[in-house]
Amino acid sequence: MANLIEGNAIIGQSGGPTAVINQSLVGVVQGLRAHGAGRRGHPIKRILGMCHGVRGLTKGELIDLTEVDNDRLERLAATPSAGLGSTRDKPDHPYCTRIFEACARHEIRYFFYIGGNDSSDTCRIVNELSNHAGHELRCFHVPKTVDNDLVGSDHTPGFPSAARFVAKACMADFLDNISLPGIKINVVMGRHAGFLTAASALARRADRFEGSTDGPQLIYVPEAPFDTERFVQDVAQVYDAKGRCHLVVSEGISDANGNSIGAQLIKSGQVDSHGNVQLSGSGALGDALSDLLKQKLTPAGGKPPRVRADTFGYIQRCWPDTSPVDVAEARGVGRFAAELAIAGDLDGTVAIERVSPIGGPQPYAAQFRRLDLNVVAAKTRHMPHDFLEGHNNVSQAFLDYCRPLVGPLPMFERF
């Protein structure tokens, strides 16, 4: 315990909740406990939880996790959404100063924050403030996001389970579409990164290597420029050939200049706290694309095609049918962050590194490693080019990348 300083540890959850974010919370608690934190004579006196992230910390709204029964922790780990409550606050420098002051007030020396790239940036700024003040505060970011957009990792906890939901939902929705043919649009989360939308490709039957025609036939992600006229032509081509079309669109699709299609099509759309047109909590993009297709594909004097749209919205984040890989890794990144703190590291973030070749015959395997906070903080990872196939599909490389993460999927039959 020579490397440890005396004080309390605190854990918070930030951003959109996931089906496995509580696994990471429990991982940190159990990782600290495994080394004696909270026991008499140990330098880490108490393990605290922030209610609703740093917002609760600055208000002194804390929960003592030091002696919570392990059975209760295990039930919490298997419970979706953020057990401590989350926050969308994006702290600036003055806000981070209040966070640091709250840490000093509550004798906190170990700061763990579970979240995405904004959360890692919060850790970075708070850590810099503590260093400047000469108050040692060990700050660790624990990764989480369904968007899978953290730099430095093969993938991020939360994504595999959300991707599993998207794949299974699109499987069932495609079967619905061939029962009552029409044009069906599904809008999936992902303002800047298309990984979650791309996971819909797993809905296609994996046993039809000659070229499955299962839906979704068209997949649009933010990394491939979206052109509305070309989109109409794509849909018309599939619809004319089959009498139906099943497609998935990322909420963040943009044109060649990076302009949001949602912002262009959604009239009088609500904006979020950062000034962005609200996408995830609204069906407006799907409705706008439906109206566009009805307008463009209605023959003169004829009836418009049957077009329907669903926005998966928040339901995809916390669906309790979790990926086994996701469950294990979400717990693992929390424990690894605790191990870093116990080992004497002063700060950092946890990355997941795949050690088995993508598409190779070996079973999937990964390991955890530490990265500097500035590698991840406030940065966004995008789908690599080799995961895309043209402007409206994903490649076999992406399927090989994603399939072992989501776990076994059902195999349905059809004529």
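The values are calculated or read from the model by the stated rules, or taken from the named source; none is laboratory data. Everything numeric here is computed off the predicted structure, so don't read it as measured data. Cβ atoms come from the backbone with ideal geometry, glycine included; neighbour counts cover every protein chain shown.
Points to keep in mind about this one:
- Any hit, segment 344-351, residues being in a helix (DSSP H, G or I), touching a strand residue (DSSP E or B) at 6+ places or on another chain (Cβ under 9 Å) and surrounded by 21 or more Cβ atoms within 10 Å (Cβ to Cβ): no
- Flag for residue 413 being closer than 21 Å to residue 115 by Cβ and among the charged types (D, E, K, R): no
- Across segment 12-37, the number of residues qualifying as more than 23 Å from the chain's Cα centre (by Cα) and not hydrophobic (A, V, I, L, M, F, W, C) comes to 5.
- Residue satisfying condition, being modelled with pLDDT of 95 or more, in a helix (DSSP H, G or I) and aromatic (Phe, Trp, Tyr), within set 226, 165: 165
- Selection of segment 289-331 for residues being assigned to a helix (DSSP H, G or I), over 18 Å from the mean Cα position of the chain (by Cα), of a type in the set (D, E, K, R) and farther than 26 Å from residue 192 by Cβ yields 294, 296.
- Residue 410 falls short on exactly one of the conditions (1) closer than 24 Å to residue 323 by Cα; (2) surrounded by 15 or more Cβ atoms within 10 Å (Cβ to Cβ), and that condition is (2).
- Number of positions in segment 99-156 that are of a type in the set (D, E, K, R) and either closer than 21 Å to residue 45 by Cα or assigned to a strand (DSSP E or B) (or both): 6
- Residue 98 being modelled with pLDDT of 90 or more, charged (D, E, K, R) and touching a Leu at 6+ places or on another chain (Cβ under 7 Å): no
- Count - residues of segment 83-104 that are in contact (Cβ under 8 Å) with a residue 60 or more places away in the chain and either among the β-branched types (Val, Ile, Thr) or not assigned by TED's automatic domain parsing to the domain that holds residue 341 (or both): 1
- Among residues of segment 105-122 that are modelled with pLDDT under 95, those with a beta-carbon under 6 Å from a residue that is surrounded by fewer than 22 Cβ atoms within 10 Å (Cβ to Cβ) and charged (D, E, K, R) at least six positions away or on a different chain give the pairs 117/379; 118/90.
- Of all the listed residues (269, 286, 334), the sole one being part of a helix (DSSP H, G or I), modelled with pLDDT under 95 and in contact with a strand residue (DSSP E or B) (Cβ under 6 Å, 6 or more places away or on another chain) is 286.
- Residue within segment 16-23 that is assigned to a strand (DSSP E or B), out of contact with any Asp or Glu (no Cβ under 7 Å at 6 or more places or on another chain), on the phi < 0 side of the Ramachandran plot and in contact (Cβ under 8 Å) with a residue 60 or more places away in the chain present: no
- Any chance residue 378 is over 17 Å from the mean Cα position of the chain (by Cα) and over 15 Å from residue 250 (Cβ atoms): no
- Within segment 122-149, the set of residues being more than 21 Å from residue 353 (Cα to Cα), surrounded by 23 or more Cβ atoms within 10 Å (Cβ to Cβ) and touching a His at 6+ places or on another chain (Cβ under 9 Å) comprises 122, 123.
- Selection count where residues are in contact with a Gly (Cβ under 9 Å, 6 or more places away or on another chain), of a type in the set (Gly, Ala, Ser) and closer than 19 Å to residue 82 by Cα, scope segment 32-67: 3
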